[in-house]
1. Out of the stretch 67-90, which residues are modelled with pLDDT under 95, of a type in the set (S, T, N, Q) and in a helix (DSSP H, G or I)?
2. ASN33 versus (1) touching a helix residue (DSSP H, G or I) at 6+ places or on another chain (Cβ under 7 Å); (2) under 27 Å from ILE95 (Cα atoms); (3) among the polar types (S, T, N, Q): which is the lone unmet condition?
3. If you check every pair at least six apart or on different chains, which have Cβ atoms under 9 Å apart with a residue in the stretch 74-87 that is without any contact (Cβ under 8 Å) to a residue 60 or more places away in the chain first and a residue that is among the acidic types (Asp, Glu) second?
4. Restrict the check to the stretch 66-85 and report whether at least one residue is surrounded by 12 or more Cβ atoms within 10 Å (Cβ to Cβ), touching a Ser or Thr at 6+ places or on another chain (Cβ under 8 Å) and over 30 Å from MET20 (Cβ atoms).
Amino acid sequence: MNVERLPNERKLAICRKYFMAGFALLPFMWAVNAIWFLKEAFWATPYPEQKQIRKYVIVSGIGAIVWLVGLISWVIIFQQNRSNWGATADYLSFIIPKGIP
């Protein structure tokens, strides 16, 4: 998407929509928001809506990073402890590996 062609009010509206969509457990939207509007927020010529866009970009980037760290942490912990958790881990698994743990 080429955000440079849009009017400033529309840029702010789209940025705000993507930010709000991230709260619906869609952290990918925060990552997209941070990447798409990064140039607009920090390196574009100043305009009135830029301050709000910058705020949304920063918070979206932080939110996406927090979700990514949480997801990676959960995967590492689960993979290391799956066999020790017994039936509870089996209920959480889609594919139960066969063999001796």
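1. GLN79, GLN80, ASN81, THR88
2. (2)
3. Partner pairs satisfying both residue conditions: ARG82/ASP90.
4. Looking for residues that are surrounded by 12 or more Cβ atoms within 10 Å (Cβ to Cβ), touching a Ser or Thr at 6+ places or on another chain (Cβ under 8 Å) and over 30 Å from MET20 (Cβ atoms), one finds at least one in the stretch 66-85, hence yes.
Rundown of residues vs (1) crowded, with 19+ Cβ neighbours inside 10 Å; (2) in contact with an Asp or Glu (Cβ under 9 Å, 6 or more places away or on another chain); (3) part of a helix (DSSP H, G or I), yes/no style:
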residue	(1), (2), (3)
GLU4	no, yes, yes
GLU9	no, yes, yes
CYS15	yes, yes, yes
MET20	no, no, yes
LEU25	no, no, no
PHE28	no, no, yes
ALA31	yes, no, yes
ILE35	no, no, yes
GLU40	yes, yes, yes
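The values are calculated or read from the model by the stated rules, or taken from the named source; none is laboratory data. All values reported here derive from a predicted model rather than from experimental measurement. No Cβ is skipped: glycine too gets one built from the backbone with ideal geometry, and neighbour counts run over all protein chains shown.
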